[in-house]
Structure formats: C-alpha cells, structure tokens
C-alpha cells in the first residue's frame, strides 16, 4: 500500500486555516496514519477540527487539537469584531480561499477602517499577499511584510532593442556584473550611498547591529522571485505623465527589496506587536503597534529607512548599468509594493498597508511584472477608492514553490523559455512561468484600477539559482526573504 501524502490545499478544503497547524497536521498524519487513505485521513482531521477538545488527551492527535484551543481569555485579550469592514475583491475567480479567509480576518481587527484584495492575491503571513488594509493610527508589521520596501524599478534607454539579440553576451555579462543574487549575498567592497549615513543607524540599537551587513548588501538583489532583466519596452502612445514618445526601447527592470535589514526589522517589531496585543491565535500575525507608542514610532522610522534602503539598492544597480551602456535613461520609474503609507481616507488620516500591492492613486505611475516569459506593464493609477487606491503587484503565484519544483520538468521549463526567446541566467523550477497566474487575465480584472501605458517584454533574465528541490523557509527562519512577501 502506498504511503499517505497530504497537501495543504486538501487540508484547507476541509476548513483548516492558513498557518503552522497545516504543516503540523500533515506531519502527524503522514507519520502515524501513513497507511490510511487520503479520504480517511481527511475525515480524522475534520473530526479534530470540529471538536478539538475531545482530542486533547489523544496520543498522536493532541498536538493538532491544541492548536485550535484558544488560551483562556484575560483582560489583555483583544477580540475581533463580529463583522469586518467591507472590502472590494478584484478578480475573485483567481483568488484562493486561504487568501480570502486571511483578508476577512484582517477586516475584523478593531483598528481596521477599509480594505481591498487584488487579483494576484495569495496567502501569506498576517495580511495575504495582494491585501490592502487601511487602519486607524496603527501599523501592522506583517501587514507590510518581511521584505519591507520590496519594489520595482525600470530604466528606459533610447537603444534599439534589436541590440539585445545582436549583443546578447554583452547584456548578459552586464547583468552578472551589476548585482549579486542569492540568500545572504554580500559584496566584499561596500558601495557608497547617502542612505547609509542615516542617523537612525546609530540611534536605534537594532539598526546599529545591522548597519555593517546592510552596507555590504547595498546593491544586491536577494533570492526567490527577485530579478534583474533586460527587455523590450513598447509605448503605444505618448502619455503626459510618463513622457515617452510612442515606439520601442530597451528597458532594464529590477525587482528586489531591503534584504536582511528589512527582514530583521519586520521580525523584531512583529514579536513586539504580538507581545503587546494578544489576538486570537489565528490572527496573531496581524498584531499592531500604534503610532503614539514608542515601539510603533520606532517601527515607522525603521520601516521608512528600509524603504529608502531598498530604493538605494535599485539606484546603485541602475547606475552601474547606465555607466556600462554609456547612456543616461530617458526615464526611470519605480514603486514600492510592501509598505505602509499615511494617506487621507474619507477626510481623516489612516495608515494604508499594501502587502504585495501597487500604489494606484490618480496619475501615480507603477510597474506590474508578469513572469520571466510574460510581459510586465507600465501603468498609471486611476485613483479608484474601492481599491483603496491600489492595484496588483504582479501576476501572483498559482503554485507554491514546492509544488512548482516537484511538478515541472527541466525539459518543460527549457521549452517555455525557447518559445518566448528568453535567455535565463540562474533561476529555477520554483520560479518558472508555470508557477504564476496569467498576467493578461489579472490585468483585465483591474481595468478600473489602472491605465496601461506600455509593456515590458523580458529577453535576458537574471535570478538567483534555483533548483528542482526547494526547501521553503518561514519568514523568521532566515533574514533574507525567499518568497518576495
């Protein structure tokens, strides 16, 4: 008889919430119930979920049941609202149930004011990736994400894109020279940038400890879904905001964040938030800090510094490329998509968290990438209030990294790259185009949120080296993010 193999999707289909309990349940069942059928195993798990108290003394199942028993209520316990604030969902047909559940939880926080869910949404820690949440005087570290200030940056050069094919080895070499990829990657010689002179590095003990490593990682790109790539920029008509004449150009596009600096800030202040605000177990990663308490003020300053640092990383990389090309870009445009902003909402100031979402206020420029073979989009926000002035940050994953690495063959991957004429440097099966949603469908789901001004078609792509086997890591297990969350 074959051994039992469960999936997170199967557990979520019977009501198991996103979080550690899913992996714990899978491990228990595959170890102690390995000869059960999938149907029988799921029936056992459903019974534990329905009545966890009945299994607290069970030799094997108690470890699962205990995850569903809330600690006794105390004066410090914060209850979620019975009814959450309303939020719009864009492209609901593309969004997994776990991400919807997480957004409904976030909407019930006592500090929540408004929200929205983008069409590329999928589950994450705290807010779902693709989740937008406005709060009253509160910032949620895991509502921003681990990779604080993760952003897109595009330089458009007045270079005939035919050169990308004619001089492919030159452009590929320059990608390799411009930045470093890989978890923990550091330069032997630090770059010079004014962001490293920020006084916060000396004022906050946490940042003081991170200063040296941050300097050595300045201009690096990390791992996971982060990339640097050359491609063809196509502008169909001149737009006053973008200011580029219709035509085709060479584009250089990067996607990365604040590296170990942002990850350490996120994890440090998330622990503080959880210790100060006791929430139900399922919602604990949505713990917040207020902006009139010391920890909240510190996080806000550190978060903004991490955003500036992420921007500086991109500017260092783009300056290297411009120097080697011997050209100044006609236009550089960029945007964060893991951040929190102070904004006006219905006449009052709120904190808007965009975790894997692009700012899309009226006439605000943004970049929404597809995959290593699918077009990205240069967009201009329409200022849609129902979306809390936001749009998606990409196509969004439809496969987990583990599933992608296990179900896609190297031959399929190679054929897909050849089909679209893409040269890949590094990369892996976990980041293959098959792992992502259809960006064209995602863009159709948000036509009321953004106006498309141009396209970016990838041609030479550099990423961290992936592989057939992939071991997912929790965000707090390694200071360098692998998921791009």
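Descriptive notes on the structure:
- Residues in segment 312-329 that are free of Cβ contacts under 8 Å to residues at least 24 places away in the same chain and either out of contact with any helix residue (DSSP H, G or I) (no Cβ under 7 Å at 6 or more places or on another chain) or buried (at least 23 other Cβ atoms within 10 Å of the Cβ) (or both): 319, 323, 326.
- Some residue of segment 249-272 being touching a helix residue (DSSP H, G or I) at 6+ places or on another chain (Cβ under 9 Å) and assigned to a loop (DSSP other than H, G, I, E, B): yes
- Single residue of 332, 372 found to be in contact (Cβ under 8 Å) with a residue 60 or more places away in the chain and part of a loop (DSSP other than H, G, I, E, B): 372
- For residue 341, the test of being on the phi < 0 side of the Ramachandran plot, in the same structural domain as residue 208 (by TED's automatic domain parsing) and without any contact (Cβ under 8 Å) to a residue 24 or more places away in the chain is passed.
- Of the residues screened, residue 186 is not one that is at pLDDT 95 or above and more than 24 Å from residue 369 (Cα to Cα).
- Restricting attention to segment 32-56 and to residues that are surrounded by fewer than 17 Cβ atoms within 10 Å (Cβ to Cβ) and touching a residue at least 12 places away in the same chain (Cβ under 8 Å), the residue that is nearest to residue 97 (Cα to Cα) turns out to be 46.
- Filter result for residue 80 (within 30 Å of residue 445 (Cβ to Cβ), surrounded by 14 or more Cβ atoms within 10 Å (Cβ to Cβ), under 26 Å from the mean Cα position of the chain (by Cα) and modelled with pLDDT under 90): no
- Taking (1) within 26 Å of the chain's Cα centre (by Cα); (2) exposed (fewer than 12 other Cβ atoms within 10 Å of the Cβ) in turn, residue 96 satisfies each apart from (2).
- Test: residue in segment 173-187 that is part of a loop (DSSP other than H, G, I, E, B) and either exposed (fewer than 14 other Cβ atoms within 10 Å of the Cβ) or over 24 Å from the mean Cα position of the chain (by Cα) (or both): yes
- Just one of (1) within 18 Å of the chain's Cα centre (by Cα); (2) part of a helix (DSSP H, G or I); (3) buried (at least 20 other Cβ atoms within 10 Å of the Cβ) fails for residue 413. It is (1).
- Selection within segment 102-147 - out of contact with any helix residue (DSSP H, G or I) (no Cβ under 9 Å at 6 or more places or on another chain) and either in a helix (DSSP H, G or I) or more than 22 Å from residue 449 (Cβ to Cβ) (or both): 103, 104, 107, 110, 111, 136
- Considered as a group, the residues in segment 376-391 that are more than 11 Å from residue 446 (Cβ to Cβ) and part of a strand (DSSP E or B) include one that is farthest from the chain's Cα centre (by Cα), and that residue is 380.
- Filtered by the rule that a residue be in a helix (DSSP H, G or I), surrounded by fewer than 20 Cβ atoms within 10 Å (Cβ to Cβ), in contact (Cβ under 8 Å) with a residue 60 or more places away in the chain and in contact with a helix residue (DSSP H, G or I) (Cβ under 7 Å, 6 or more places away or on another chain), segment 284-311 gives 301, 308.
- Residue in segment 352-364 that is more than 22 Å from residue 127 (Cβ to Cβ) and either assigned to a helix (DSSP H, G or I) or not assigned by TED's automatic domain parsing to the domain that holds residue 305 (or both) present: no
- Of 194, 174, all but one fail to be farther than 22 Å from residue 266 by Cβ and either outside the structural domain of residue 323 (by TED's automatic domain parsing) or touching a helix residue (DSSP H, G or I) at 6+ places or on another chain (Cβ under 7 Å) (or both); the exception is 174.
- Segment 208-240, subset surrounded by 17 or more Cβ atoms within 10 Å (Cβ to Cβ) and within 18 Å of residue 365 (Cβ to Cβ), residue farthest from the chain's Cα centre (by Cα): 239
The values are calculated or read from the model by the stated rules, or taken from the named source; none is laboratory data. Please read all numbers here as calculations on a predicted model, not as lab measurements. All Cβ positions, glycine included, derive from the backbone under ideal geometry; neighbour counts span all protein chains shown.
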